[in-house]
Amino acid sequence: MRRWAGLAMVIAALAGGETCLRLGWLGWIERWQYDLFHQVAGFRAPARHVAIVSVDDETLLQHRDEPMVFWGPHFAKAIEVLRKVGVRVIGLDYLFSVSPEAWLKKMGLPDQLLSRTYDVRMREQLSKGSVTLISVLAATQEEQGEILLPVEDYLFSLPNGAEDVGLANFLTDPDGVVRRFLPELVEDENLPHLSFAALLAVRTLGLDPRAESWAMGGRVVPRRAKPMLIRFAGPPGSVMRVSMSRLLAPGAEKDPAVENLGGRVVIIAAEHVGMQDLHMTPYSRGGLFVESRMMSGAEIHANICETLLGGTFPRQAAESLRLALAVILVSLGAFLFFRMDPWKGFATLLMLVLASWIVSYCLFLAHWILPVSGIQASTGVCFLGGLGLRLRREERERQRLRGLFGRYVSQEVVERLLDSGRKPDLGGEAVEVTVLFSDIRGFTGISEMLGAQEVVEFLNAFLGRACQAVLQEGGMVDKYVGDSVMAVFGWPVPHPDHAARALRAAQAMLRAAHDMQEWIRERFAGRGLPDFRIGVGLHTGMAVLGNVGSPQRMDFTAVGDTVNTASRLEGLSKELGWSIVASQSTLEAAGAGFEVQGESVVHVRGKAAPMKVYGVVGA
């Protein structure tokens, strides 16, 4: 039954986790784990195909008096130097929305040769090809996209016109983080339709931007592909950079840093203080030991272009692998959860989650993506299910133990037994205990003076008081034999002071006998009943406790020499004239605090050697 319950729980947990994953309810967990993997991996591999020429703070300081609109000659010189060192394709990550000539004309300055030819050098470089400009797909108030194109002077200078212009927009996930990209952002081929990075890769390989697919990095990339994951080289700053100030310096083409740009795709972009082109990436999620860092748009373009040219596309792992891992971890979890307490089970759950992370992370390093949130959810459901079944099973066991021991011990002892987590061995357990026997003196004569119902009333009145004395000291009322009471101290809840508890219970029983005398005088006034007296015998030693009987009738009891000796000592109490007779082992185990009224060496029936016993004074 337990095996089938476990199997049903595993199937339900797997189905639940798979459903949540496919419905996208666990997407935020997957994104969080994906970002965490990037942060743990840190710098992964250098970008071999792409570099950035940065218009940084140093470049701005060298040309601090020149408005950016008049930087055409500087860009032209940088492009010229890059051509000399053998750069493959140049991308200008600037939206040139106005030319210097148009700006001068707008200012109403006198028409001069300079106002018509200021930017001719820039237009000449654009006309030579291998340069890609950007445009931006902007949202209007009517929520319709409008493409902001470069200034016409530059657009007309490009050999392929709009086909040399890429869209600078990024694809963001629901949490605003850039993790994926699309090669084509607009379906209208008469307008700039490829992303800036995709167009750079296409131009680098000499491919047709209008083709339905391209062979890149050993893979076929459809132009209208579904969103693809970016293979980031590392945290912000991982892509090689060269300050544009070095390209503007005399003899720049001989600068080793500039020469190292040869054979690459180079993106010229602004990365100075106050620059707004910053975006959230997997490295932007801050944490306890991780600094949150934004990435420049140019570096994101560089990472996308490197992904395409290098063919290092992060790909989804096979569904069969994910399902196999889910079955293994969830089944293992179910097997362990049934056998562990809640805290160990929770620790096991964390270890299984960590194991799924390790597998997924190792695949991540090899550019394979294995979603494990569904596996983790299934394992969590399995843990909760196992916990629920375990609690239900334990509650049934608690109810069984309550029913079994509730007749023998106090409710407090039962709860202590259940809270201890220790289950008594009902098949038989040898333990050291103190056994108490009590008996009513002259009960036969009393019963002859009362009616049948009165005898039962009489017994119930005393046995109730005697039982209360035993239970108050944490003892177990083993059985009633006629007018005798047998009690055991030190089991099922172990008490190191079980002997002292038994002696205190015996003294409390004497007080109960005194109260019983007063009750008899009122209840059976004028009936001539003798004085009510009891005898108590106690012995401490090893006894076997367990269920004894036949399959039709089982009783829980204690058996052994200790039980027999305690019964014999109770019988000797009348001969010795003591109300409480305790063996030497009981008095030694009880310790100080009990007054003795006498001692004697007696021969107990069934024992070869004589034993020393003591008379204990009642309270």
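The values are calculated or read from the model by the stated rules, or taken from the named source; none is laboratory data. Here the structure is a predicted model, which is why all the values come from computation and not from measurement. Note: ideal-geometry Cβ built from the backbone for every residue, glycine included; neighbour counts use all protein chains shown. These area figures cover heavy atoms from the full protein model, side chains too; ligands, DNA and RNA do not enter into them. Shrake-Rupley method; radii C 1.70, N 1.55, O 1.52, S 1.80 Å.
Some notes on this structure:
- Ranked order, M122, M228 - accessible area, probe 1.4 Å, largest first: M228, M122
- Shape call, the chain: gyration tensor on alpha carbons, a/c limit 1.5: prolate
- Taking segment 431-498 and dividing mean pair separation by its residue count, relative contact order in percent (alpha carbons under 8 Å, at least six apart): 44 percent
- Computed from Cα atoms, the angle from the helix 561-576 axis to the main principal axis of the chain rounds to 40 degrees.
- Near A249: Cβ cut-off under 15 Å, other residues only, Lys/Arg at +1 and Asp/Glu at -1. The net charge is -2.
- Near V131, the amide H atoms lying under 5 Å from its own belong to I90; only residues 5 or more places off or on other chains count, and H is placed 1.01 Å from N.
- Degrees separating the helix 2-22 axis from the principal Cα axis of the chain, which is the longest one: 20 degrees
- Shape analysis of segment 184-260 places it in the prolate category; the axes a ≥ b ≥ c from the Cα gyration tensor give an a/c of at least 1.5, with a/b above b/c.
- Set K84/K128; K574/K607; K77/K254; K479/K574 screened for pairs whose C-alpha atoms are more than 18 Å apart: K574/K607; K479/K574
- Hits among aspartates and glutamates - C-alpha to C-alpha of K226 under 14 Å, sequence gap 8 or more where chains match: D173, E184, E187, E212
- Relative contact order of the chain, pairs being alpha-carbon contacts under 8 Å that are 6 or more residues apart, as %: 13 percent
- Using a Förster distance of 25 Å, the FRET efficiency for R22-R180 (Cβ separation, nearest 0.05): 0.85
- Where labels lie 7 Å past Cα in the beta-carbon direction, separation of A430 and V327 in nm: 5.1 nm
- Computed on protein heavy atoms with a 1.4 Å probe, the accessible areas place F156, F43, F37 in the order F156, F43, F37, largest first.
- Judged by the ratio a/c of the largest to the smallest principal axis of the C-alpha gyration tensor, segment 195-341 counts as oblate, that ratio being 1.5 or greater while a/b is no larger than b/c.
- Highest to lowest packing among 78-85, 430-437, scored as the average C-beta count within 10 Å: 430-437, 78-85
- Computed on segment 127-247, with alpha-carbon pairs under 8 angstrom and 6+ residues apart, the relative contact order is 20 percent.
- Of all accessible heavy-atom area on the chain, the percent that carbon and sulfur account for (1.4 Å): 56 percent
- For the chain, calculated [θ]222 nm from helices alone, where every DSSP H run of n ≥ 4 adds -39500 (n - 2.57): -14000 deg cm²/dmol
- Where M275, M542 fall by accessible area, highest first, once all protein chains stay in place (1.4 Å): M542, M275
- Extension reserve of the D255-C362 stretch, reckoned as 0.36 nm per residue once the Cα distance is removed: 34.5 nm
- Rounded to 10°, Cα long-axis angle of helix 452-472 versus longest principal axis of the chain: 50 degrees
- Highest-first arrangement of 504-516, 596-608, 175-187, where packing means the average Cβ count within 10 Å: 504-516, 175-187, 596-608
- Probing with 1.4 Å while keeping every protein chain in the model, the per residue accessible area of the chain equals 48 Å².
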